Amino acid sequence: LSFLLPDSVLNVKIHHDIRNFMLGNAMITRIEKERRIFRNVFSSAVIIDIVKENSEGSVEIVNRDERYFVSQKRFMTSCNNIFDINISPEDQRIIEKVYSREHINLKGVAQWALGIVTGNNKNFLRSECVEKSEPVIKGKDILPFSIKESESFIVFEPEKFQQTAAEHFYRHREKLVYRYISNRLIFACDREGRVTLNSANILIPEIDGYSPEIIMGFFNSDLYQFIFQKKFSSVKVLRSHIEDLPDPLLSKDEKKRLSDAVSLAGSTGEITSLNEVVYKIFRLSSSEIDYIKSSLL
């Protein structure tokens, strides 16, 4: 069989059941990624060829100007069985090198919360501060390492909203906030206990000996952008994506150098030093670093 499908079938979580069925009942022989091929349809498309036999052979990937082979077994072990066709053999080698460093992840050692869903932003959001209102963080307000001064205000009355997290998540003084709608990881630390809209989600890491700044440093680095874009190819930053990322076990000296680089990035916006520290932690060569830089969107 040969299917012509929107490319969301490759990685969107809701299509996990379709991917899982194909992996369990067929051999995928070829996946070809197309550009926009239908007039007034803005999604890219993919052609997926399968045969009805159980096999763990190689899948031919045609991804724009590249052609290579990957193991179907890789799709079986990926997060949500994502068909991560953007990972070439060279990408995979670098990613495996990163994950080979002893690490943990945030699964089970973090608190998570969604921003407020008002149900009607026109009614609840204000462009100026009025009585009992307070600033609210939107996704677009979040920059790497910093949060822009809010241009929107809200009266926090959770009983009137469509959906909201428990208030203590918003009031936490060392929480990370990140853009939910984004094809990049964009994290900042909120120390003022501000509320967020649902375009800005909340992460409170609870790894012993790791400050939120260390986690933020990794996630804002070029290396982690590379991993995120290659593994997930998503325009939404999901909890499952973040939980899959490695948090390497660091020495005292590594923590100090990373923390200093994060402080510099936060005060100047310059992340060259941060990237150098992160690359060194994972012992990446100059040729591997050049390859990562050339691959970033």
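The values are calculated or read from the model by the stated rules, or taken from the named source; none is laboratory data. Since the model is a prediction, treat every value here as computed from it, not as a measurement. As a convention, Cβ positions derive from the backbone with ideal geometry for all residues, glycine included, and neighbour counts pool all protein chains shown. When the accessible area is computed, the model is the full protein with side chains, heavy atoms only, and any ligands, DNA or RNA have been set aside. Shrake-Rupley method; radii C 1.70, N 1.55, O 1.52, S 1.80 Å.
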Any aspartates and glutamates whose Cα falls less than 14 Å from that of K138, other than same-chain ones fewer than 8 residues away, would be E149, E151, D190
The answer for the net charge of residues other than F75 whose Cβ lies under 11 angstrom from its Cβ, with Lys and Arg +1 and Asp and Glu -1, is +1
The helix 222-232 Cα axis meets the longest alpha-carbon principal axis of the chain at an angle in degrees, between 0 and 90 and rounded to 10, of 60 degrees
Treating only Lys and Arg (+1) and Asp and Glu (-1) as charged, each at its beta carbon, one finds that the chain has a dipole about its Cα centre, in Debye to the nearest 20, of 440 debye
Measure of exposure for T268: accessible area at 1.4 Å probe, Å² rounded to 10, is 90 Å²
Each label sits 7 Å from Cα toward the beta-carbon; between S2 and I37 the label points are separated, in nm, by 0.9 nm
A 1.4 Å probe over the protein heavy atoms gives the chain a carbon and sulfur accessible-area percentage of 50 percent
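For a 25 Å ceiling on Cα separation, which of these pairs sit above it: K97/K255; K107/K160; K160/K236; K97/K293; K13/K73? Intermediate values should be presented prior to the final figure.
Details: K97/K255 20 Å; K107/K160 32 Å; K160/K236 27 Å; K97/K293 17 Å; K13/K73 19 Å.
From K97/K255; K107/K160; K160/K236; K97/K293; K13/K73, over 25 Å: K107/K160; K160/K236.
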Most fluctuating of K132, K107, K236 in the GNM of the chain (C-alpha, under 10 Å) is K132
Diffing the range 68-79: the Karplus 3J(HN,Hα) column from phi (6.51, -1.76, 1.60, θ = phi - 60°), in whole Hz with x for Gly and Pro, holds 7, 10, 10, 7, 4, 4, 4, 5, 5, 9, 6, 4
Helix 89-100 sits off the longest principal axis of the Cα atoms of the chain, rounded to the nearest 10 on a 0 to 90 degree scale, by 50 degrees
To the nearest 10 degrees, the tilt of helix 286-295 (Cα long axis) against the first principal axis of the alpha carbons of the chain is 80 degrees
Taking Cα pairs closer than 8 Å and at least 6 residues apart, the relative contact order of the chain in percent is 16 percent
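Ranked from the most accessible area to the least, with a 1.4 Å probe and all protein chains present, what is the order of D141, D290, D208, D49?
Details: D141 10, D290 95, D208 145, D49 35 Å².
Most to least solvent-accessible, the answer reads D208, D290, D49, D141.
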